[in-house]
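The values are calculated or read from the model by the stated rules, or taken from the named source; none is laboratory data. Computed from a predicted model, the values in this text were never measured in an experiment. For neighbour counting, all protein chains shown are included, and Cβ atoms are generated from backbone atoms with ideal geometry for every residue, glycine included.
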Amino acid sequence: MDIKTLQEEIAALKERLSVTIVAHYYQKDEVFEIADITGDSLELAKRAKETDSEWILFCGVGFMGQSVKIIAPEKRVAMPKIACCAMARMIDSTYFDEAVEAMENAGVAKEDILPITYINSGAEVKAKVGKMGGAVCTSSSAVTIIKKARESGKKILFVPDRCLGQNVARQMGLKSAVIGIDDEKAIKEADIVCYNGFCSVHQLFSVKDVEFFRKRFPGIKIAVHPECDPSVCEVADFVGSTSQIIKYVQSLPPEQKVAVGTEYNLVHRLRDKNTYVLSATKPECPTMNETTLEDVYNTLKEIEKGSPVNEIHVDEETRKWAKVALERMFEYVGA
Ligand code: 13P
Ligand code: SF4
């Protein structure tokens, strides 16, 4: 089937079934176009739980669909493709425990550690964080959550994204250190101790790219996601989550040139003669790009037949504690 026909078939299937299709901004255009709800990870987590359909079909990566299931267990959540975020896979509950141990070895007592996990993590890690009194954050809520967490007077353990942790620390004028890179003294003295995970897509953007665009188009603005390396964020004009980048680009006068450092599908959608991708390569998130219209169509057909595939399940004990960490985020951001 061609794209148009597939989209029509999907629309007809959606009419017959109680399904809401949700898509992250990084999805392919043809998938993004058929979604009922689109947004960044915070918006999707908030809005998906408010729908009244029985099924959520989540076009994104695993931790995103899993977050909906954690918040709204009564919903049935399926993913057209079991696509994973590589960064979320860089930490599990064992590595989390080891990160806590590394802080203890550096002289920080466990009761003085407050963990914050980026939403790009699995349910087990969120559950560990919830049990220790911590919260989830997204790229758009990280500063608010860390400000709130700091009221406890404890040292923050930030997992799994080193860059987001370091960028927030820089923005708030706090000291950061990275487990596995910095020594015990630096860890003991830091306000935010970061786990050494990263997003390989956002690592593609470099200071050289910024310099290249500034030389080629004097006066150009540079907007990047906080998953980019701190060296890049430091020299950018704007640092923000996917939604914040969209708002920023749209607020610029039409003649203002801007180069954007985040995932290709999103930037491409924004692209006009004055908006550029801040890279000579094509910075696509490989797993986000795995979901196709055929996958969406096939998953809907399986739901219709009563034999759903790729359904998300989270065991109740894990779900309960992961929900505590997610709900803290909603409470802190007033959502
Ligand atoms: P947002 O929170 O900006 O949607 O980011 C999610 C993500 O995976 C970015 O790579
Ligand atoms: Fe994960 Fe990076 Fe893909 Fe975002 S762009 S989903 S952080 S791998």
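Can you find, within region 264-295, the residue that is nearest to ligand 2 (Cβ to nearest atom) among those that are of a type in the set (A, V, I, L, M) and assigned to a helix (DSSP H, G or I)?
Looking at residues that are of a type in the set (A, V, I, L, M) and assigned to a helix (DSSP H, G or I), I get M288.
Which numbered condition in (1) surrounded by fewer than 24 Cβ atoms within 10 Å (Cβ to Cβ); (2) assigned to a helix (DSSP H, G or I); (3) at pLDDT below 95 is the only one that T51 fails?
The number of the failed condition is (2).
Here is a check on your reading of the model: is A23 free of Cβ contacts under 8 Å to residues at least 60 places away in the same chain, within 16 Å of ligand 1 (Cβ to nearest atom) and of a type in the set (G, A, S)? Spell out the reasoning first.
Details: free of Cβ contacts under 8 Å to residues at least 60 places away in the same chain: yes; within 16 Å of ligand 1 (Cβ to nearest atom): yes; of a type in the set (G, A, S): yes.
So A23 fits the description; yes.
Has region 162-169 got any residue that is in a helix (DSSP H, G or I), polar (S, T, N, Q), over 27 Å from Q250 (Cβ atoms) and in contact (Cβ under 8 Å) with a residue 12 or more places away in the chain? So that I can check it myself, show each step before the final result.
Within region 162-169, the subset in a helix (DSSP H, G or I) is 162-169.
Then drop every residue that is not polar (S, T, N, Q), which leaves 166-167.
Then drop every residue that is not over 27 Å from Q250 (Cβ atoms), which leaves 166.
This time we only want the ones that are in contact (Cβ under 8 Å) with a residue 12 or more places away in the chain, so: 166.
There is at least one residue in region 162-169 that is in a helix (DSSP H, G or I), polar (S, T, N, Q), over 27 Å from Q250 (Cβ atoms) and in contact (Cβ under 8 Å) with a residue 12 or more places away in the chain.
Surrounded by fewer than 23 Cβ atoms within 10 Å (Cβ to Cβ), more than 16 Å from ligand 1 (Cβ to nearest atom) and either charged (D, E, K, R) or part of a strand (DSSP E or B) (or both): is that true of E9 in this structure? Outline the logic, then answer.
Working: surrounded by fewer than 23 Cβ atoms within 10 Å (Cβ to Cβ): yes; more than 16 Å from ligand 1 (Cβ to nearest atom): yes; either charged (D, E, K, R) or part of a strand (DSSP E or B) (or both): yes.
Yes.
Just to be sure I understand, how many residues within region 170-184 are in a strand (DSSP E or B) and within 17 Å of C233 (Cβ to Cβ)?
Kept after step one, since they are in a strand (DSSP E or B), are these residues of region 170-184: 176-178.
If we keep only those that are within 17 Å of C233 (Cβ to Cβ) as well, we get 176, 178.
Adding up the residues that qualify gives 2.
For region 229-260, what are the residues that are within 15 Å of V277 (Cα to Cα), within 15 Å of ligand 1 (Cβ to nearest atom) and touching a Ser or Thr at 6+ places or on another chain (Cβ under 8 Å)?
V232, T242, I245, V249, V260, listed by residue number.
So that you can scan it fast, the table gives a plain yes or no per residue for (1) in contact with a Phe, Trp or Tyr (Cβ under 8 Å, 6 or more places away or on another chain); (2) over 24 Å from V178 (Cα atoms); (3) at pLDDT below 95:
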| position | (1), (2), (3) |
| --- | --- |
| F58 | no, yes, no |
| A72 | no, yes, yes |
| R76 | yes, yes, no |
| A99 | yes, no, no |
| A102 | no, no, no |
| G107 | no, no, no |
| K110 | no, no, no |
| I116 | yes, no, no |
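I187: part of a helix (DSSP H, G or I) and away from ligand 1 (no atom under 16 Å from the Cβ), yes or no?
Details: part of a helix (DSSP H, G or I): yes; away from ligand 1 (no atom under 16 Å from the Cβ): yes.
It is true that I187 is part of a helix (DSSP H, G or I) and away from ligand 1 (no atom under 16 Å from the Cβ).
Hey, I113 hits all of (1) of a type outside the set (G, A, S); (2) more than 16 Å from ligand 2 (Cβ to nearest atom); (3) more than 16 Å from I192 (Cβ to Cβ) but one; which does it fall short on?
For I113, the exception is condition (3).
How do the pairs read when you match residues in region 96-119 that are under 18 Å from R328 (Cβ atoms) with residues anywhere that are of a type in the set (S, T, Y), using Cβ under 6 Å and keeping only pairs 6 or more apart or on different chains?
Qualifying pairs under 6 Å: L114/S152; I119/S41; I119/T138.
Quick check on my filter: what residues within region 302-331 are within 20 Å of the chain's Cα centre (by Cα) and among the aliphatic types (A, V, I, L, M)?
Correct list: I312, V314, A322, V324, A325, L326, M329.
Among the numbered criteria (1) outside any strand (DSSP E or B); (2) within 14 Å of ligand 1 (Cβ to nearest atom), which single criterion is violated by T38?
(1)
For region 206-215, does any single residue satisfy the condition of being within 16 Å of ligand 1 (Cβ to nearest atom), assigned to a loop (DSSP other than H, G, I, E, B) and either surrounded by fewer than 20 Cβ atoms within 10 Å (Cβ to Cβ) or not aliphatic (A, V, I, L, M) (or both)?
Keep residues of region 206-215 that are within 16 Å of ligand 1 (Cβ to nearest atom), which gives none.
For region 206-215, residues within 16 Å of ligand 1 (Cβ to nearest atom), assigned to a loop (DSSP other than H, G, I, E, B) and either surrounded by fewer than 20 Cβ atoms within 10 Å (Cβ to Cβ) or not aliphatic (A, V, I, L, M) (or both): absent.
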